[in-house]
Amino acid sequence: MEAGADGFMSEAKRIVGQAWLAVPRSVLLCCLWLATWRIYNIWCDRLRNPRRLPFPPGPKGYPIVGNALDVPAESWLKFTEWAVYGDVVGLSMMGERAVVLNTWGSISALLNKRGAIYSSRKPRLLFSKYGGWDFSLTFLPHGENFLLQRRFYHQIIGSTAVKSFHEIILKNARTLALQISQTPLQFQYLTRLSAINLNIALIFCILNRGSSSIIADTVAMIYGFEVNLENAEWVKRLDFCLDSLEALSKVPHATDFFPILANLPAWVWGNKLNHLLDKLKASTNKLGQEPYNLVKDQVFSGTAPHCLVADLIESNRTSGGDVKHEREIMAVAAVSMIAGVDTTVSAIDTFILAMMLYPEAQKKAQEELDAVLTDIRLPTFEDRESTPYLSAVLKETLRWKPVAPLTIPHSVIQDDEYNGMFIPKDTRIFANIWNMVYNSDDYPEPFEFIPERFLDPSSKAPQLRKDILDPEELLFGFGRRVCPGRAFATASLWINMATLLAIFEISLPVDPEGNPIKPDLDYRIDGIAYHPKPYKCHIKPRLQGVSRLSALREALSQ
Ligand code: HEM
């Protein structure tokens, strides 16, 4: 019996031994490496978190992928469902940690008050490594280049500096109103045309008065060009850049989960992806390098108008005739073109929709404007302080349909503790704006457009309330990453709203039987912002609008 058992054991050992030998050596090594890596991580976690504080609570995920498969494209909707886990929700996405902040309390405590450590970004390696987008502030981690580019923005379009652009913003708002009066059915096309102007302005320093619009504000501010409508080539360039950015953003790439893979050569990812990345690089170059060179020539010949690039070139010129930080100046310019257009257009679209659907709000804003603008006078920035109702309309526009429901995720650069929870270094931080703007405690009846919510009910004359969460503090992001175009964007939005309301009556279109046609309020992410689907609207001059339009024509012809 014993001899038989021994025989069986040695036979078994031999079989198992052979089976082991059959395992390819590389797989074995891989498993060993993974196991060691896992043990090392657990050990490091224990050292970093000696009090064993828990990671924020959140939904249970699947092995390896974590919660990644449960997050749809409109992730803010899922994140809002997960707010049942708390103010701060912890997730795991393919091995990477993420935290969703669902309330103003947690956002201001972490992103604002601890902004020094919560203001980094995790670059998307597909863009930065392979797409040539390592210059872009939106993807830059905390560091020297980030600080330099933020300083450039502050210098040129910080809340005080931006006033030097008011004149051009005003003129562009008036031009848009004039265009809408000529082809009211095309109001959305005109907004689109504004984006076209943006592209064209990237290359031409040609002044073509009478064709600019809200988009042209950005253009004129950045490059000091006014806009020529006819150049379709530049339309294609910006569109292509936006389209390829969107296409590349929609699907996660392997390097998002395994950054180490970004060390592989680009050809590994296949011809099609490389082709798209090459086109992105080329179009970005044309948004940055080419117009930059034009403005630089103007600066050196002393003919450049006041604009972001010219001012930055001027302030970075050396005595030897060079320009310091050229790459960063180009980056600021190209990124502003992309970040400043889509966002502003989305807010204007929402404003027009709201005016159609809430005629009472429109009437109140117009009565307020008429009281301030005697006779046929057109609105100017000096009227901003005297029109609190309109300021409330602006805040409600931003809140009602948030331009960026999740902003851009931040990342934390060192381990941190918050309310007894451990937030490890490199965690991606999402600020769930969506959950905040539709929170009925802060904003009762959150899905309705009610500008009055921002006005003090105890005051006879309309006055903005101070005890309510201001959407302008939410919608432009947080801490050291707060949108550097905020002052410019709100100035542009305000004057566009004031000018349109002073001149036009905005109402629902009607069908052949005279029934009002309600617009579809289904929004989607298009490019970088949340947009309504194309919609129709009836826009015609008001009684006072007719004479204001004549005044406007005269003002623009001067
Ligand atoms: C209604 C208009 C706009 C909205 C709602 C908006 C919103 C935002 C948001 C939410 C962020 C992310 C902030 C964060 O990470 O916490 C952002 C970043 C940014 N925005 Fe805006 N924006 C608008 C207009 C503009 C304009 C007009 C410009 C430039 C002229 C601009 C330039 C930028 C840039 C460069 C960043 C990246 C900042 C960084 O990563 O440090 N934006 N914006």
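The values are calculated or read from the model by the stated rules, or taken from the named source; none is laboratory data. Nothing here was measured: the structure is a model prediction, and the numbers come from that model. Don't worry about glycine lacking a Cβ; one is built from the backbone with ideal geometry, like all the others, and counts go over all protein chains shown. Only protein heavy atoms, including side chains, enter the accessible area calculation; ligands, DNA and RNA are left aside. Shrake-Rupley method; radii C 1.70, N 1.55, O 1.52, S 1.80 Å.
Among the chymotrypsin sites (Phe, Trp or Tyr not before Pro) within the range 412-500, which fall in a DSSP loop and have no more than 11 other Cβ atoms within 10 Å of their own Cβ?
Answer in residue order: Phe447.
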Which peptide among 344-357, 266-279 comes first, and what is the full order, when sorted by highest mean count of other Cβ atoms within 10 Å? 344-357, 266-279
Carbon and sulfur atoms: what percent of the 1.4 Å accessible area of the range 44-113 do they account for? 59
On a straight-distance basis, which aspartates and glutamates could pair with Lys286 in a cross-link, Cα separation under 17 angstrom, same-chain partners fewer than 8 positions away excluded? Asp134, Glu233, Asp239, Asp243, Asp278, Asp297, Glu326, Glu328
Work through the residues other than Gly61 whose Cβ is under 14 Å from its Cβ and net out their charges, Lys, Arg +1 and Asp, Glu -1. +1
Quick one: putting +1 on the C-beta of Lys and Arg, -1 on the C-beta of Asp and Glu, what dipole do you get for the chain around its Cα centre, in Debye to the nearest 20? 1160
Given only helices, namely DSSP H runs of n ≥ 4 each adding -39500 (n - 2.57), what is the per-residue ellipticity at 222 nm of the chain, to the nearest 500 deg cm²/dmol? -16000 deg cm²/dmol
Answer with one residue from Ser507, Ser458, Ala262: the one whose Cα lies farthest towards the positive end of the charge dipole of the chain, charges on Cβ with Lys, Arg +1 and Asp, Glu -1. Ala262
Measuring from the lowest to the highest alpha carbon on each principal axis, how far does the range 346-392 reach, largest first, in angstroms? 27, 20, 18
What is the angle, in °, between the Cα long axis of helix 388-400 and the longest principal axis of the Cα atoms in the chain? Nearest 10 is fine, range 0 to 90. 30
Accessible solvent surface per residue of the chain, calculated while the other protein chains remain in place, 1.4 angstrom probe, Å²: 48
What three numbers, in Å, describe the spread of the alpha carbons of the range 272-420 along their principal axes, ordered from the longest? 58, 54, 40
Sorting Tyr40, Tyr523 by accessible area (1.4 Å probe), largest first, what list results? Tyr40, Tyr523
Projected-area mean, the range 413-501, by convex hull of Cα positions, square nanometres: 8.6
With axes computed from alpha carbons, what is the tilt in degrees of helix 359-372 against the longest principal axis of the chain, rounded to the nearest 10 within 0 to 90? 50
Using a Cα-Cα cut-off of under 24 Å, which lysines could be cross-linked to Lys533, ignoring same-chain neighbours fewer than 8 residues away? Lys78, Lys236, Lys250, Lys395, Lys401, Lys518
Pull up all non-local amide H partners of Asp426: gap of 5 or more, or a different chain, and H-to-H distance under 5 Å with H placed in the peptide plane. Val412, Ile413, Gln414
Taking amide H positions as placed in the peptide plane 1.01 Å from N, state which residues far from Asp526 in sequence (5 or more) or on other chains have amide H under 5 Å from it. His531
Need one value: the accessible area of His154 in square angstrom, 1.4 angstrom probe, rounded to the nearest 10. 130
When all Cα-Cα pair distances of the chain are considered, the percent exceeding 31 Å is 54
Roughly how tilted is helix 486-503, in degrees to the nearest 10 and between 0 and 90, from the longest Cα axis of the chain? 40
Lys/Arg +1, Asp/Glu -1 at C-beta; the range 405-558 dipole; positive extreme among Leu493, Ile408, Gly477: Leu493
Towards the positive end of the charge dipole of the range 330-432, with charges on Cβ (+1 Lys, Arg; -1 Asp, Glu), say which of Thr427, Ala333, Met355 has the farthest Cα. Thr427
